[in-house]
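What follows is one structure encoded as structure tokens, with my remarks underneath.
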Amino acid sequence: MEDLQTFKLNPKGQVKISLAWAPKRTDFMSGKSQFQRRRINAKKAYSFTVCGGRKDYDYLMEFYNSHFGQLKPFYFDYDGKTEKVYFGSALQVKIKREVGKIVGFSANISLDIDKRGKIDKITPSESDVLPKATPAVTYSSDWNTKVYSSSPAVNRRKEYNKPREKLSVKFKGLKKERDRVIDLYESHADLPCLFPFDGKKVKVRLPDSITITDYREVKKIVGYECQMDLEIV
């Protein structure tokens, strides 16, 4: 490992993890789509809140400024892993004062993971199954019909030979299920998987990006929540 400093302030409450593949997408008249992966691994970022007294405030300011904001990397420990990161945005701190003196603070922190090396991923398969989602699911169907107005006539034309169907779902559960969602997303960049729906397993494609909210007790992850739009293929 490189000789870098480690960020010592612990997140307060929830931690959000963003993952994104952002592949190049080409749509065809048949209604099918082709995806071209442009990354070796999914892009990853953290966002969370830190707070504390004057001592922690001084530490944060010194740490941020010594790294020239978003310029220099450092280490961040989370979920049993040590990762090389950068500050993802300019620092904005809410300061608490008493009699004109700083006595406390809170700040929203975003961290971008450095270019990720080898990651232990599961071997992807189209038979991999997502965890069960919460009962409420929104189904959408889009023929991408184009409407052209040329007075006095109005013309309409469908763009696809079959509709594009999506399921908007929310996953919520324990850490074991959260880890499964992350494993599937990081391994299925351009490969569909299965989702339990209406008594059967539907083949779906995962979205270009997802955000997972970790629920924590002290430093322990006890649950998660994640909203996804799954495209039926």
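The values are calculated or read from the model by the stated rules, or taken from the named source; none is laboratory data. Computed from a predicted model, the values in this text were never measured in an experiment. Note that each Cβ is placed from the backbone with ideal geometry, even for glycine, and that neighbours are counted across all protein chains shown.
Could we say that Met29 is among the hydrophobic types (A, V, I, L, M, F, W, C), modelled with pLDDT of 95 or more and surrounded by fewer than 17 Cβ atoms within 10 Å (Cβ to Cβ) here? Walk me through how you get there before you give the answer.
Details: among the hydrophobic types (A, V, I, L, M, F, W, C): yes; modelled with pLDDT of 95 or more: no; surrounded by fewer than 17 Cβ atoms within 10 Å (Cβ to Cβ): yes.
For Met29, the condition - among the hydrophobic types (A, V, I, L, M, F, W, C), modelled with pLDDT of 95 or more and surrounded by fewer than 17 Cβ atoms within 10 Å (Cβ to Cβ) - is not met.
Taking Tyr139 and the conditions (1) part of a strand (DSSP E or B); (2) in contact with a Leu (Cβ under 7 Å, 6 or more places away or on another chain); (3) surrounded by 13 or more Cβ atoms within 10 Å (Cβ to Cβ), which numbered condition does it fall short on, given that it satisfies the others?
With respect to (1) part of a strand (DSSP E or B); (2) in contact with a Leu (Cβ under 7 Å, 6 or more places away or on another chain); (3) surrounded by 13 or more Cβ atoms within 10 Å (Cβ to Cβ), Tyr139 is out only on (3).
Looking at the structure I just gave you, is Val218 surrounded by fewer than 19 Cβ atoms within 10 Å (Cβ to Cβ), at pLDDT below 95 and among the β-branched types (Val, Ile, Thr)? Before you say what the answer is, go through the steps one by one.
Values: surrounded by fewer than 19 Cβ atoms within 10 Å (Cβ to Cβ): yes; at pLDDT below 95: yes; among the β-branched types (Val, Ile, Thr): yes.
Against the criterion (surrounded by fewer than 19 Cβ atoms within 10 Å (Cβ to Cβ), at pLDDT below 95 and among the β-branched types (Val, Ile, Thr)), Val218 qualifies.
What single numbered condition from (1) of a type outside the set (Asp, Glu); (2) farther than 28 Å from Lys203 by Cβ; (3) not in a strand (DSSP E or B) fails to hold for Tyr148?
(3)
Of all the residues that make up region 176-186, how many are touching a residue at least 12 places away in the same chain (Cβ under 8 Å) and either crowded, with 19+ Cβ neighbours inside 10 Å or closer than 11 Å to Ile212 by Cα (or both)? Break it down into steps so the answer makes sense when it comes.
Looking only at region 176-186, we keep the residues that are touching a residue at least 12 places away in the same chain (Cβ under 8 Å), and these are 177-178, 180-186.
Filter once more, keeping what is either crowded, with 19+ Cβ neighbours inside 10 Å or closer than 11 Å to Ile212 by Cα (or both): 178, 181-182, 184-186.
Summing the residues that are touching a residue at least 12 places away in the same chain (Cβ under 8 Å) and either crowded, with 19+ Cβ neighbours inside 10 Å or closer than 11 Å to Ile212 by Cα (or both) in region 176-186 gives 6.
Scanning region 62-94 for residues that are among the hydrophobic types (A, V, I, L, M, F, W, C) and either surrounded by fewer than 15 Cβ atoms within 10 Å (Cβ to Cβ) or without any contact (Cβ under 8 Å) to a residue 12 or more places away in the chain (or both), which turns out farthest from Ser209 (Cα to Cα)? Walk me through it before giving the result.
First, the residues of region 62-94 that are among the hydrophobic types (A, V, I, L, M, F, W, C): 63, 68, 71, 74, 76, 85, 87, 90-91, 93.
So of that shortlist, the ones also either surrounded by fewer than 15 Cβ atoms within 10 Å (Cβ to Cβ) or without any contact (Cβ under 8 Å) to a residue 12 or more places away in the chain (or both) come out as 68, 71, 90.
On the way: Phe68: 29, Leu71: 25, Ala90: 23 Å.
So, considering only residues that are among the hydrophobic types (A, V, I, L, M, F, W, C) and either surrounded by fewer than 15 Cβ atoms within 10 Å (Cβ to Cβ) or without any contact (Cβ under 8 Å) to a residue 12 or more places away in the chain (or both), the one farthest from Ser209 (Cα to Cα) is Phe68.
Out of the residues in region 98-128 that are free of Cβ contacts under 8 Å to residues at least 60 places away in the same chain and among the β-branched types (Val, Ile, Thr), which is surrounded by the fewest Cβ atoms within 10 Å (Cβ to Cβ)?
Among residues in region 98-128 that are free of Cβ contacts under 8 Å to residues at least 60 places away in the same chain and among the β-branched types (Val, Ile, Thr), the one surrounded by the fewest Cβ atoms within 10 Å (Cβ to Cβ) is Val99.
Provide a single number: the residues in region 202-212 that are part of a strand (DSSP E or B), surrounded by fewer than 18 Cβ atoms within 10 Å (Cβ to Cβ) and touching a residue at least 40 places away in the same chain (Cβ under 8 Å).
From region 202-212, those part of a strand (DSSP E or B) are 202-205, 209-212; that's our starting set.
Right, trim to surrounded by fewer than 18 Cβ atoms within 10 Å (Cβ to Cβ) and you get 202-203, 209, 211.
Those still in the list that are touching a residue at least 40 places away in the same chain (Cβ under 8 Å) too: 203, 209, 211.
Number of matching residues: 3.
Give the residues of region 187-201 that are assigned to a strand (DSSP E or B) and surrounded by fewer than 19 Cβ atoms within 10 Å (Cβ to Cβ), sorted by residue number. Steps first, answer last, please.
We begin by selecting, within region 187-201, every residue assigned to a strand (DSSP E or B); these are 193-197, 200-201.
Of everything in region 187-201, those that are assigned to a strand (DSSP E or B) and surrounded by fewer than 19 Cβ atoms within 10 Å (Cβ to Cβ) turn out to be Leu194, Pro196, Phe197, Lys200, Lys201.
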